[in-house]
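Trainee: Quick one: this structure, given as structure tokens, is what I'll be asking you about.
The values are calculated or read from the model by the stated rules, or taken from the named source; none is laboratory data. The model shown is predicted, which means the values in this text are computed figures rather than measured ones. Virtual Cβ from ideal backbone geometry, glycine too; neighbours counted across all protein chains shown. Accessible surface is based on the protein model in full, side chains and every heavy atom, while ligands, DNA and RNA are left aside. Shrake-Rupley method; radii C 1.70, N 1.55, O 1.52, S 1.80 Å.
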Amino acid sequence: MRKNATIFAIICNMASYGQSAPILEYSGEAGQLVDDPEFNLSVENSKSLIKKVLDAIPETHTSCIHSETLILNSSSENRKLQYLAINLGIPSAPTLKALTDNFTLETCLRRMSEGLQVHQDLLRAVVQRLANTERITALLTDIRDLRVQINRMLKAVQVEESPVAVQPTATSLASRLTGDYEVQVATHLTLVQLQSFGQDIVRSLRNIAQANGLSD
């Protein structure tokens, strides 16, 4: 009975895959000003890098995916693949929200960093099994550079420094890539989720910029 309840909970969690709730615009009521030019520079650098990541995802998907049934922007088709996401052990991205007293700037930046690390690990697992790796390797470089900027901001606002929690996604996924179809699906689902998570990062960075009095 407990096992069935656990499986049901996992399926419910994955049902929201690639369909993050919209992040409301910053209202100005929970300002968390960081009076640091270097922090503001990292915000601007991060905005440029996440745009670069999002712009690269469609071409990366085209270069890596040869199955006609795996379509990047098809919500209905992607929902049908969720049982495979569970079987492959692909975790959901961390949830990002608008800044509030309960969802602090530190929490927001920490979740951004954790989510980027998860997608880095997933892409590193699949890239070893792909024939065409140029685009995905370039994407990994941009994700790495973005995470460096996010971690700089996180370090500036941390009350007490502690390591970012990361799930062992690369090892668990790599062991489940038993054939070309699994590689294709894992690559597709990772890029779909990265696209959705990246869009949430864009909105979160806009929140942070507004909280810090920066122009959009």
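Trainee: How much net charge surrounds Val34 when only the other residues with a Cβ under 12 Å from the Cβ of Val34 are counted, with Lys and Arg +1 and Asp and Glu -1? List each step's numbers first, then the result.
Mentor: Details: positive: Arg152, Lys155; negative: Asp35, Asp36, Glu38, Glu106.
Residues near Val34 contribute -2 overall.
Trainee: By accessible area of protein heavy atoms, probe 1.4 Å, what ranking do Glu114, Glu68 get, highest first? Write down the numbers at each step before the final one.
Mentor: Numbers: Glu114 40, Glu68 170 Å².
Ranked from most to least accessible, the order is Glu68, Glu114.
Trainee: Just reorder Val148, Val159 by solvent-accessible area, largest first, 1.4 Å probe, all chains present.
Mentor: Values: Val148 65, Val159 135 Å².
From most accessible down to least: Val159, Val148.
Trainee: Taking the alpha-carbon centroid of each part, what is the distance from the stretch 180-204 to the stretch 40-64 in angstrom?
Mentor: Rounded to whole Å, the Cα centres lie 13 Å apart.
Trainee: With a Förster radius of 35 Å, plug the Cβ-Cβ distance of Ser67 and Asp35 into 1/(1 + (r/R0)^6) and report the FRET value to the nearest 0.05.
Mentor: In this case the efficiency is close to 0.10.
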